[in-house]
1. Under 15 Å from residue 243 (Cα atoms), over 17 Å from the mean Cα position of the chain (by Cα), surrounded by fewer than 19 Cβ atoms within 10 Å (Cβ to Cβ) and more than 14 Å from the ligand (Cβ to nearest atom): does that describe residue 330?
2. Restricting attention to the stretch 208-222, which residues are more than 13 Å from the chain's Cα centre (by Cα), touching a residue at least 60 places away in the same chain (Cβ under 8 Å) and surrounded by fewer than 19 Cβ atoms within 10 Å (Cβ to Cβ)?
3. Kindly list, by first and then second residue, each pair from a residue in the stretch 294-308 that is touching a residue at least 60 places away in the same chain (Cβ under 8 Å) and farther than 15 Å from residue 272 by Cα to a residue that is part of a strand (DSSP E or B) and more than 8 Å from the ligand (Cβ to nearest atom), limited to pairs with Cβ atoms under 9 Å and residues at least 6 apart or on different chains.
4. With the requirement that a residue be more than 13 Å from the ligand (Cβ to nearest atom), assigned to a helix (DSSP H, G or I) and in contact with a helix residue (DSSP H, G or I) (Cβ under 8 Å, 6 or more places away or on another chain), what does the stretch 236-265 give you?
5. When residues of the stretch 223-235 are filtered for being crowded, with 22+ Cβ neighbours inside 10 Å and assigned to a strand (DSSP E or B), how many remain?
6. Only residues that are in a helix (DSSP H, G or I) and either modelled with pLDDT under 95 or touching a strand residue (DSSP E or B) at 6+ places or on another chain (Cβ under 7 Å) (or both): list them for the stretch 88-116, please.
7. Could you list, in sequence order, the residues of the stretch 134-170 that are modelled with pLDDT of 80 or more, surrounded by 17 or more Cβ atoms within 10 Å (Cβ to Cβ) and over 26 Å from the mean Cα position of the chain (by Cα)?
8. Looking at the stretch 175-185, can you tell me whether even one residue there is within 16 Å of the ligand (Cβ to nearest atom) and at pLDDT 95 or above?
Ligand code: ATP
């Protein structure tokens, strides 16, 4: 059946009109990646994250492991809050999206059907003189920093022909390492939503249009992991596959672009640092009819936070063809069967967390108790993302105040100082819960 065989779209198929409080998005005027003047450097961010135990190198005592990072107490809480914020918008506040928590290891046929085994590659070039390996599409940009040439003089590099390098991490199931036991760590969470589509739809009794959302780890053997936690080999994704009736897909694509744009603004990113960049036709993935990236102005470049793709019916059809299991949908109201189209907002937890931290970074002169000023560095994160919600602090370093402060904390009767405005509110104990609930509302 083609799209043209279907009855015309009706109101129930279509997205609701864009709400008045959703800000219009900024579309990239050109493909310029340069971030321009930036208030903060990546060095300052990396240093702050390390110093405060937010994010630091994995296996640091052994010299670290490239492309892998650990989130310390504050970083883990920040990441949890980012995921909670995403789930709130994508699941909790909606009744048309359900959650999935699928296994990281999937049947090898999944990656054959999806095209990952054959096509999930980056062009790899090796320098014949320094033996360093680079992504060919980065190497041609002529930017020494992207090469990470060990001699720091990439002009001497002599690149061989590019080879296609598959980014999937391979491992083996069971005690023998034979070809039949080969499996892959998932490079995206999306495929589980496609192969589980019929099961989830049936058991959750959702009707198209509806979505399946998942948050979880993904793995990519990136040739050149870099820019702190921006490009890593192990990361978390927040993906949602929204199944729609063919013919309504473009309207839903527009709808989800606006929703996702607004989400980043709602949680504090400044509009000037955010833009939408549509993919050029030659840049589109094999499954996509149209894709836009939500890009953030990182100190190193405008770079992708999230891709929002119109994946058509490519994946459901591919899994139907390879598995022999029918993944079409029967629309009872219309008495017609079709393979749904899919709109996919696919975001990265790590990249979102990094953007929120960069955007929140402030160095300020603040008044001290003795009447002077001091320089303070703070992350002015939205309170819903902030790892620490409430702190009970003595107003001076005087030792004698410590027991008093403990008592105050125990009694939940703090003098709360607003982190950003430095204003101080005095609150009665019996009003404290109401006060905090109001201040820390979601
Ligand atoms: P890029 O072009 O930067 O390699 P992509 O277009 O391949 O990214 P998608 O396949 O669309 O990325 O994945 C969805 C999201 O997952 C990305 O927008 C990003 O936030 C996150 N992501 C993908 N690869 C990585 C990675 N290596 N490290 C951290 N996050 C990643």
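1. yes
2. 222
3. 300/226
4. Once the filter is applied, which keeps residues that are more than 13 Å from the ligand (Cβ to nearest atom), assigned to a helix (DSSP H, G or I) and in contact with a helix residue (DSSP H, G or I) (Cβ under 8 Å, 6 or more places away or on another chain), the stretch 236-265 yields 259, 263, 265.
5. 0
6. 90, 91, 92, 108, 111
7. 162
8. Yes: the stretch 175-185 contains one or more residues that are within 16 Å of the ligand (Cβ to nearest atom) and at pLDDT 95 or above.
The values are calculated or read from the model by the stated rules, or taken from the named source; none is laboratory data. Keep in mind it's a predicted model, so treat the numbers as computed, not measured. Cβ coordinates were reconstructed from backbone atoms using ideal geometry, including for glycine residues, and neighbour counts include every protein chain displayed.
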